[in-house]
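Data block below; observations after.
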Amino acid sequence: MPRVSWCFSIAMFFAIQSGVLQAGELQGKPNVIVIMADDLGNGDLSCTGAEDLQSPHIDALFKSGMRFDFAYANCPVCSPSRASLMTGRYPELVGVPGVIRTHPEHSWGYLDPEAILLPRVMKTAGYHTALIGKWHLGLEAPNRPVDRGFDLFHGFLADMMDDYYQHRRHNIEYMHLNNQVIDVKGHATDLFTNWSCDYLKSRVGESSPFFLCLTYNAPHTPIQPPEEWYQKVKQRESAIDDRRAKLVALIEHMDAGIGRVMTTLRETGLDRNTLVIFTSDNGGQLNVGANNGALRDGKQSMYEGGLRVPTCFVWPGVIEENSRSSERMITMDLFPTVCEAAGAHMDHSIDGVSLLPLLKNETQSLTQRDLFFHRREGGLRYGGLIANAMIRGEWKLLQNSPFEAQELYDLSVDPLERSDKKEANKNKYQEMAKVLRAQVQRGGSVRWQKPILKPILKPIGRPIPKAK
């Protein structure tokens, strides 16, 4: 072998061993991490305008990739948005129009056992799949994470925790490792962070790429940050009230956890070809001190404050750093985006649209599609029934309760939804109301309650003789 070729081969060998050849690594399938916060308001990061809050690690993510200024959750409450992430569908079309809870009389969804979930599709492309954190899409077979395609589940099965340290709901222990109940000590945010770091370390040297969903309970109620984080905020922000200080501390604590996960990703060398997505399942809850910026209202509401969520995509060498998009995206778009990035092929129809061309700075317009939002709930705030909304172009039609009138807004001139234009634009209103009604009917035909097997009733007494 010529000396030059021999030297080049040696150099190549050591370059590969030391992880220098990032361009070569980008030719393989990327690892994928989806980080979802719970009830994080659109204005509750320092990079999105909060002046009493410091979120340096999430801010760094936003600077490292593409930020979406008009990112929407599929629903202003938890379970439906998570169903859309996992299925790429409108949540009411897979049986999750509302929040899934422990007690049937308060539960408003049952994930369709036939729905095809993202981890199952990713497994067909050779991925190891893991969910660490909150699930909230089913409490028993066949709707637990490992039943639906995750190789590993390490987290909380149910909805909200009654206590971040006890990890129970209605005095039931819902913390699991796969299908086994576990009793562990520590703040839930710290546990999910630790388990995610351990998972990343376990993937070093593995031949298959991984798909990790890290879904924090924070900053969902109860607003229960570690005491030292609360005291740090109180000492730093002299004018902050106790309610807001607790929420800020809970968010900053989560931000530090995300920082640890990203540090582990870099230290393991896995960051060179990993797509990281950050988002929230819905807007912030106002009565606990959330900040949704200038947007109207918050969690549970069909106004922008309930639906708009902070979202960014990071993929070194693929997505331009510090870039922004004004296109409207929605949670269910994450499913096809992740699949296309991973080379995972779908053989079924979905409602979401892959954002990969947009992320690669290619021409892509999302303005021509209609977006629909639906929520069924048992609470009193909006009448305990159904709320709906749709966006067509710059127009938004919404109804927060069947006991309230529909409202029409032109978001291009009224992004804060202050001036109802229904009477002044009757043709547009009628056009959109007809389309929205059809979507509501479409979702209304889908079962959203757990199937109940009826007992076979035996006749009581002697049979009545047939008439002759």
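Where a number appears in this text, it was derived from the coordinates with a stated rule and is not lab data. On a predicted model such as this, the values are computed, not experimentally measured, just so you know. Here the Cβ is made from the backbone with ideal geometry for all residues, glycine too, and neighbour counts use every protein chain on show.
When each full DSSP H helix of the chain is screened for a Cα extent of at least 15 Å along its own axis and an average Kyte-Doolittle hydropathy of at least -1.0, the helices passing are 3-18, 188-202, 242-267.
Using the 10 angstrom Cβ neighbour count as an exposure proxy, how do LYS428, LYS201 rank, fewest first? Numbers along the way, then the final one.
On the way: LYS428 17, LYS201 12.
Ordered from fewest to most neighbouring Cβ atoms within 10 Å, LYS428, LYS201 come out as LYS201, LYS428.
In order along segment 30-37, the phi-based Karplus estimate (6.51 cos²θ - 1.76 cosθ + 1.60, θ = phi - 60°) of 3J(HN,Hα) comes to x, 5, 9, 10, 10, 9, 10, 7 Hz; Gly and Pro are listed as x. About the centre of its Cα atoms, segment 382-425 shows a dipole size close to 100 debye [charges on the beta carbon of Lys, Arg (+1) and Asp, Glu (-1) only; nearest 20 debye]. Other residues whose C-beta falls under 10 angstrom from the C-beta of PHE153 contribute a net charge of 0, scoring Lys and Arg +1 and Asp and Glu -1.
Rounded to the nearest 20 debye, the dipole size of the chain about its Cα centre is 1780 debye, using +1 on the Cβ of Lys and Arg and -1 on the Cβ of Asp and Glu. When P(r) over Cα pairs in 20 Å bins from 0, in percent is calculated for this entry, the matching label among (1) 21, 46, 15, 4, 6, 6, 2; (2) 24, 55, 17, 4, 0, 0; (3) 24, 55, 21, 0 is (2).
Sorting ASP255, ASP52 from the fewest to the most surrounding beta carbons within 10 angstrom yields ASP52, ASP255. Measuring nothing but how far apart in sequence close Cα pairs (under 8 Å, 6+ apart) lie, relative to its length, segment 371-444 scores a relative contact order of 22 percent.
With the dipole of the chain worked out from charges on the C-beta (+1 for Lys and Arg, -1 for Asp and Glu) around the Cα centre, which of ILE277, GLY205, PRO142 lies farthest toward the positive end? Value: PRO142. Centroid-to-centroid, using Cα positions, segment 318-357 and segment 201-237 are 25 Å apart.
Just report the Cα centroid separation between segment 399-416 and segment 128-180, whole Å. Segment 399-416 and segment 128-180 have Cα centres spaced 36 Å from each other. Other residues lying with their Cβ under 14 Å from the Cβ of VAL353 contribute a combined charge of -3, Lys and Arg counting +1, Asp and Glu -1.
Over the chain, calculate the relative contact order: mean separation of alpha carbon pairs under 8 Å at least 6 apart, over the residue count, as a percent.
Over the chain, the number comes to 23 percent.
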